[in-house]
Structure formats: C-alpha cells, structure tokens
1. With only Lys, Arg, Asp and Glu charged, each at its Cβ (+1 for the first two, -1 for the last two), find how big the charge dipole of the protein assembly as shown is about the Cα centre; round to the nearest 20 debye.
2. What's the average, rounded to a whole number, of partner chain beta-carbon atoms within 10 Å of each residue's beta-carbon in A:107-117?
3. What number comes out for the charge environment of residue B:24, summing +1 per Lys or Arg and -1 per Asp or Glu over other residues with Cβ under 15 Å away?
4. Compute a Gaussian network model of chain A, connecting alpha carbons closer than 10 Å, and tell me which residue from A:88, A:176, A:57 fluctuates the most.
5. Positive end of the dipole of the protein assembly as shown, charges at C-beta (+1 Lys, Arg; -1 Asp, Glu), about the Cα centre: which of B:288, B:274, A:241 has its Cα farthest in that direction?
6. Using +1 at the C-beta of Lys and Arg and -1 at the C-beta of Asp and Glu, which of A:75, A:109, A:130 has the Cα lying farthest in the positive direction of the dipole of chain A?
7. With Rg and the Kirkwood Rh both taken from Cα atoms, where does Rg over Rh land for region A:77-210?
8. How large is ³J(HN,Hα), in whole Hz, for each residue of region A:219-233 in order, when computed from phi with the Karplus curve 6.51 cos²θ - 1.76 cosθ + 1.60 and θ = phi - 60°, using x for Gly and Pro?
Amino acid sequence: MLELARYGARKRVRGALALSVGLSAFSVLYAAFYPSIATGFDVAEYVDALPPVFVEAFGLRAFGTIEGFLATELYHFAWIILLGVYLAYSAAGLVAGDVESERMDILLALPVSRGRVVTEKYLAVVPEILLVNAVVAAVTWLATHAIGYPVAATDLIAVHLLSIPYLLTCAAIGLAFSVAASRASVAQRGAMATVFGLFLFETVVSATDYAWLGAVAPMRYFDPTAILTENTYDFLAAAILLAATVVLVAASAQYFRRRDV
Amino acid sequence: MAGRDNLHPRVRCPPSMAAIEIDRLTKRYGDLAAVSDLTLSIESGEVFGYLGPNGAGKTTTIRILLGLQSPTTGTASVLGHDMTVESQRLDALERVGYLPSNPRFDEQSTGREVLDLHESIKGGERRDELLDLFTPPVEREIREYSTGNVQKLGLVQAFMHDPDVVVMDEPTSGLDPLLQERFNEFVRDERERGTTMLFSSHVLSEVRRVCDRVGVLREGELVTVEDVHDLLDRSGKHIRLRVAGDPPENAFDLDGVSDVSRWRDGGETAFSFTFTGDVNDLVAEFEAYDLRELDVEEAPLEDVFLTFYGESDA
C-alpha cells in the first residue's frame, strides 16, 4: 500500500529541504527589511498612488502592518506565485518525465494499476508541501519575534494551513499536464503558464465587472491578506480547492488509464 | 519451497493453456500498420525467439502484450488473462517479468532502492540468488552504471519474483560476450525450471542456441514460425574444400548443392558451396579427387533469414 508514494516522497526529501531553506531565507530577509518600512515609509501614500489592480494583486491594502507586509511579500508573492508555479512545474514532471525517459515501461510492468501510479506519484508531493509550510511557519514566527514585530502563532498557523489546499491544487494542475503530455518540458511549460496565467487573469478581472470569471482561478480561494490582517478564515474556499484537487487528480488518473505509453 | 529445484520444475500453468496468445493483433498509427493481423501462440515452458529487422514491429508487439499500448484490433493474452482489461492484466503481471530494450531506472536511486521498491510490490524470493549471478553494483547510484550494469539490474528485476512468463526485448544488446554467454546459460536453466520466455532479438546466433521456436516478423507481419532445428536442417551446411589439380566442370554437381564458387589457387582448386543433400553422396564424390582441405560448417541463420527479410530491403 502506497509503496510508490513512499518511494517518491523519499526521492523528494532533498529538494523539499532545499525549498524550505530557500523560502525560510526569503522570509527572514523580508522580516529584516520590515522595520525600515514601518518607521521610515509612508505606506498609505504609497498604496494610494498604485493602480487598484496592483493593490489587489499583492494584497497591499494593509501593507503598513507586519501582518499585511508579510501577506504581500511572503504569501502573495512567494506562496501564491513562486511556490504555486514551482509546484505546478514539479508535478508536471511526475508522469511525463517517466514516459519520456522510458522509465514508465518498467514501472507499468509491475502489478499496479495506471490509476494507482498517477495517484501515488501525486501523493509523493504532499509531504514536501507540508514540510515547507511547517518550516517556514516556524522560521517566520521566530523572525518576526526577533525584529520586535511579532506575528501571532495562530495567524501563521492559519495562513499556512489554508495555503495547503491552494498549493495542492497547483500541484494537481501540474499533474494534469503531466499525464496528457509525452514530454516533461512540454508539461512543465504548460503547467507553469497555466498557474501564472490564472493569477494574472484573476487579478485583472477582479477590478472589472467580470470579477466572477476569476472563480476559475485557485488564487481566488486563498486570500492571505484577509487571513493575516482581518482574521477571516474562509473554510468554504479551502473546501472548494480541495474538491478541485480531487477532481483534477481523479481525471488525470482516468486519462492515464486509457492512453498508450 | 517444494518443487522448485531443477529436477522437479514446478508446473507453471495447465499444459493445455498457452502461456501467450496473440490473435489477429493489429496496431495502426494513422495509415501505418506497425503490426498487422498477427496471430501467435507460445506454449507454457517454451523459449520463443522473435526475430526481425529494426522497425519490423517486434517492440510494438511486446508493448501491446504488456499493456503499455492498446491494440487497434485483435487480442493479446498472457496466462489466460486479457491484457487489454486492466483487472486481468494486473493479475497476469504478478506472474510476468519484463525486460525492455534500454531499461531505464531513476538515475538518482541506487540499485538497492529500486529493487526494494520492486520487491515491496511484486515480491523478490529470487533476488539474492540473481544478484549473486548477475552482480549489478546495487549500492551505487544508477547514473554511474555502465550499460552492462543497467542490463544486469534489469535482469534481476525481471526474474526476482520468480515469474512464470518473462518477456525480454533485445536482452543481449550492449552486453559483452562473457555476459551474453552467462545470459544464455541462465536462459537454458530457466527453461529447465519451466519458465516461458519470449525474447526479441536480431542476434541470430544466440537465438539458435537457446530458443525452441523462432518467429520472423517483417514489416508488421509474421512471415513464419518454425522450430529452430527444422530451420537449421533446411539451411544445410557450408562446405569449403580444396582439391589438387583442375577438376572438370561438373565436379561436385550433385543434388542439394547450391551457390557454388570455385577458384584456382596455385596447383589447387578451391570450392565453396551450400549443401542440403545426403552427406553420403557428397562423401562418395570426394573419392574421385585428391582432397587437400575440407571445412564443414552449419549454415549461419543469417543466410536463412535473409531469404525472409533480405530481398526488398536491398
């Protein structure tokens, strides 16, 4: 049971640690940066001068507080964009990489169903998502305390926990490209373009009368600024993301069941 | 475990059931038919050689047989299980081993990690025995492996769960002669144990050494299926000889002589020809001449098969 998932997760440990260290450094950097913003920078003036689309894209409405600052720099930028695109890219290589390199031949000669191969390859990414969130949450808590602008642990736990469904969806988008493409590079480019494209799309339409179109983008369902500055926890949005993940993974498994390898 | 030694091979599957059945298999890619109306039956315990030039459709047949690709029409079954139906295919794969041409593994894994994964899913009762025989460097990462080492790992992986049927695609390509010989010996031992084996090759001399029957594929069509020995008998012998002097025109003009070449060499005349007739007639013919040198060889299978896939390829 789950032998492939466990094997896959083990292979990703080094990458997960590197990612955790990198994003922790990012968090520390911005935490170190904050005090000079808090004291020497007129945030209200800065935000007013920006186009509303921009404010919306990066959740800048509460930029003056440490929570708002982190929501923008760490969670909108590093989590929604960087980590979302990275996970889509990484998951896009899961199946297409094995098909392209012909590793899939030996794998499929094992008595495992196609659906199981796809699902377990996806599950191998989950521990990495959990690890990165756990590590960076802890580091961020420490960093903000160190600079004298502490963020409550509950706030950090909330934003990291609620980011997980979003990140799972991004990885599931990558998986969908991975089963459809025959080359890893094609799948990766498609997945990255889709996640980033959805971000841009959602940002742009949200300032128009067609904001409802943005419902197709996973970014719509994760609002770090609301979580950190207003303590608004949208569990329905998280559930929608989890449902989307399940649908994408199931559809990917079903597609892979029927295709020639 | 009882019944697993060479003297008492375990009964692999009911003798009445063919181990591999392919019926009117066709695989088309647009206008191109990679495999066309292929019908083939491989008996339990048989070693079957699947021959043909590159692009003939051997690999396509094998990949359809293992469920990697689906046929356009026709069926393929292994141990009585329809390989196009996933639930049946999974049942069959528990008892099947596969060695693809150019086997590929995760480069960052060690051989041990890969074998552990395989063992956790399909079992590995023969793993240690096979590692003693083939010795891939399991502690090292696969990206450091030579072609031979990858092939060795592939062989261990294919046989470690003691399968009833093993399908191999070009198993000896890239192997040095020593390893090829070890492989041949291994196949002969496996045959004694009752394992059914299908392997595709264009190394004909190996096929002749280990196979019971041979099928020849050409441009997606099965041209013939024959017993290896029948083929060899039909192909006859290559004779090279030298006689003193200059024999008459009709020298060695017997039934069963073909492709005659003759040339003068100093005070002697040399002949070479293929002979499929009665050896006694040939010996009688020698008495008329002063025989200086005589070489008798089995005709290489190459010559036989060229008649199947030589003509229109020229």
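1. Numbers: 49 positive and 81 negative charges, 515 e Å.
Roughly 2480 debye, rounded to the nearest 20.
2. What the average comes to for A:107-117 is 6.
3. Values: positive: B:27, B:28; negative: B:21, B:23, B:37, B:82, B:221.
Taking every other residue near residue B:24 into account, the sum is -3.
4. A:57
5. Most positive-ward Cα: A:241.
6. Farthest along the dipole direction, towards plus: A:109.
7. Working: Rg = 17.8 Å, Rh = 16.4 Å.
That ratio is 1.08, to two decimals.
8. Once θ is set to phi - 60°, the couplings for region A:219-233 become 4, 4, 9, 9, 10, x, 5, 4, 5, 7, 9, 10, 6, 9, 10 Hz.
We did not get these values from a lab; they are worked out from the coordinates using the rules stated. Note that the structure is a prediction, hence the values are computed from the model and not measured. Note that each Cβ is placed from the backbone with ideal geometry, even for glycine, and that neighbours are counted across all protein chains shown.
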